[in-house]
1. Which of (1) in contact with a Gly (Cβ under 9 Å, 6 or more places away or on another chain); (2) in contact (Cβ under 8 Å) with a residue 24 or more places away in the chain does Asp343 not meet, given it meets every other one?
2. On the given criteria, is Asp332 acidic (Asp, Glu), without any contact (Cβ under 8 Å) to a residue 60 or more places away in the chain and surrounded by 15 or more Cβ atoms within 10 Å (Cβ to Cβ)?
3. Being in contact with a Lys or Arg (Cβ under 9 Å, 6 or more places away or on another chain) and under 21 Å from Leu324 (Cβ atoms) is the filter here; which residues of segment 339-374 pass it?
4. Just checking, which of Asn246, Asn186 is under 38 Å from the mean Cα position of the chain (by Cα), in contact (Cβ under 8 Å) with a residue 24 or more places away in the chain, in the same structural domain as Leu77 (by TED's automatic domain parsing) and at negative phi?
5. What single numbered condition from (1) farther than 20 Å from Leu217 by Cα; (2) assigned to a loop (DSSP other than H, G, I, E, B); (3) in contact with a Lys or Arg (Cβ under 7 Å, 6 or more places away or on another chain) fails to hold for Thr99?
Amino acid sequence: MTVNKGLLSIVENDPNFSNQALENAVNTLKIGWVQKSFELDSVIASNGVLTLSQKNDLKDDINNVAHLNLGRTLGDLVRHSASIIDATIVPVPENETQTETFLGILQNVQIIQSLIPELYGVPASDKARAVNDHLGTLNTVFTTTDDSSAPVFTSLLESINFIVNANLATETALETAYDNLKNFINSVTDDSTDFQQTLDTFATAVATAHTNLNNALASEPYLTHRNNLIAQREKINAQVALENSNIVSLASTIEALSNNQSYAALAEDATLGELMSKVAQNKQWQTYFENYEDDKANLNPIYTTNTDSDKSALIDQIYSDSGLPDVRDPLDLIAVANKAKRDERIDTAGFDPLTAEQVIIKSCEQLGITTANRTTYALSQTLLDNMNQEDRDRIARALDLNEQSNTLT
């Protein structure tokens, strides 16, 4: 049910969604060489002279020490989050119009949150399909943590600050190399052979500066922070890759799960279930359709228990509610004999002319109860105990069958 309070104030206004929260968090990391790296990455992305091929070659050339080239990591992160907002993250065939929207992505994420628990019996997070597995970058997952460890951005900032505050000459040289390449790109107006040569020269200077700073960080107290840059960058890239994979496959995953849910529902029709068991080539589907009627017959809400500890108490309750034990007195041989005739384990063929004592003896023999040197009343007691236990065991089996039929496998 929609909350009406405040609804009038928003219905005529666009939510104006953006990735500003992420950008604000990224801005806190723009210090020293990271600031210069980010500026260079932005200039490369927005430049109108460089061709796409030139841009890609240039980015490859200066990415020789990826954990120091954090401007690209952060730039890719911001662009990735923006592509979720405008839905361009979802690819469309060439010459076709983008039809996906941010709202559509949100709705699909919501759908999969309910489909996975329903079909797999586990939270969507167990399948790496939680909300943050799709939209975590927008939800600023890098600024929070569920345990005692520092958030990704907090940890990154600590290492960036440590390196910048060390006033290393190699860090200063890297900033200069970034600026020189950025300024050159901003100054070009057209492409030429000379242009490419100069571009390559500046790119080589950046790559060399990367190597020099990386070498300067190869021993303590800097090595710990260099390793941390590597680790936190990997976490960022892993999150981006997961979101990209999940969002791109959202529609197809939902369609596949929904179709399979619909196929399973058709098994309610016994004729269709029989048909599908014959045409399905997947063994698991064949088994599902073939066993459906038997499994459905085993479902009984009175046998549903929440935990294993409830099972014994539930058996007692059902046993009592069923009017059991229906025979209590082993000295009542006729009642014991009649109960034996109702026991599905006992073959009653030829029992009609037998006396109650004879029925008890033959029933004991069929159930493997020793009869030698025992009185009829002793046999009656043992037989009654056996049959009463069977009543409890039968309830326990029905409970297990109900649980099996009602458990996702």
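The values are calculated or read from the model by the stated rules, or taken from the named source; none is laboratory data. As the structure is a prediction and not an experimental result, all values here were calculated from the model. All Cβ positions, even for glycine, are placed from backbone atoms using ideal geometry, and neighbour counts span all protein chains on display.
1. Answer for Asp343: the failing condition is (1).
2. Considered against the rule, which asks whether it is acidic (Asp, Glu), without any contact (Cβ under 8 Å) to a residue 60 or more places away in the chain and surrounded by 15 or more Cβ atoms within 10 Å (Cβ to Cβ), Asp332 comes out as yes.
3. Within segment 339-374, Ala340, Glu344, Ile346, Thr348, Val359, Ser363, Cys364, Leu367 meet the criteria.
4. None of the others qualify; the one that does is Asn246.
5. (3)
Table: residues versus (1) modelled with pLDDT under 95; (2) assigned by TED's automatic domain parsing to the domain that holds Ala241; (3) outside any helix (DSSP H, G or I).
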residue: Asn63; (1), (2), (3): no, yes, yes
residue: Ala82; (1), (2), (3): no, yes, no
residue: Val109; (1), (2), (3): no, yes, no
residue: Leu115; (1), (2), (3): yes, yes, no
